[in-house]
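Just below is one structure, and these are the notes that go with it.
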Amino acid sequence: MRSYLILAMCGLYLIQYFVELNWLRYVVVALALIAFVGSAPKADPLPRLLGFFMMGFGIALEIGKGTGVEGISDGLFLILPLLCLITLAPLLSIPLRFGGYFEAVALLLKKLMQQPRKLYAGITGTLFLLSPVLNLGSVRIINEFLDELKLPSMMSA
């Protein structure tokens, strides 16, 4: 259920970003708070305690500043782009996997296993080409490319 809440929050955030409806902004913030509270029971005790402490402290600061619900909404809405990027970036690998791109690149890299310099250049070149386009998602995609290869730790770093 919490996965659906997080995906709904990301989807509504993207819609709100382009449509710019004020009421939808509050719905997205409320959904973010519900997703936070809904995900807390699955967290380890220390991160859960730290998360609730930081959230409570932030809310108390906003109320203390006198900004109230509007300030809390602005604060949560400020971090939603990063949260959506981290949440949705792994989904970028799905079309690449179904398109057979992972297998093609993995085959090429397997051929280069005996030539470490060319292998390193291939990995670095792929990362260089994908990074500007996919941002954080490229790290996940490169991990998918290299997952089947048993590279030495020095090479994968």
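No value in this document is a laboratory result; all are computed from the given coordinates. If you're wondering where the values come from, they're calculated on a predicted model, not measured in any experiment. Virtual Cβ from ideal backbone geometry, glycine too; neighbours counted across all protein chains shown.
Before moving on, here are some points about what is shown:
- Neighbour-limited loop hits for GluC sites (Glu not before Pro), segment 1-91 (at most 14 other Cβ within 10 Å; DSSP other than H, G, I, E, B): E20
- Prolate/oblate/rounded call for segment 2-88, Cα gyration tensor, a/c under 1.5 rounded: oblate
- Extension gain from F57 to I86, taking 0.36 nm per residue of separation minus the Cα-Cα distance: 8.1 nm
- Legend: calculated FRET efficiency, D44 to R117, from the Cβ-Cβ distance at R0 = 30 Å, rounded to 0.05, equals 0.10.
- Spin-label pair A8-E70: with each label point 7 Å from Cα along the Cα-Cβ axis, the two points sit 2.8 nm from one another.
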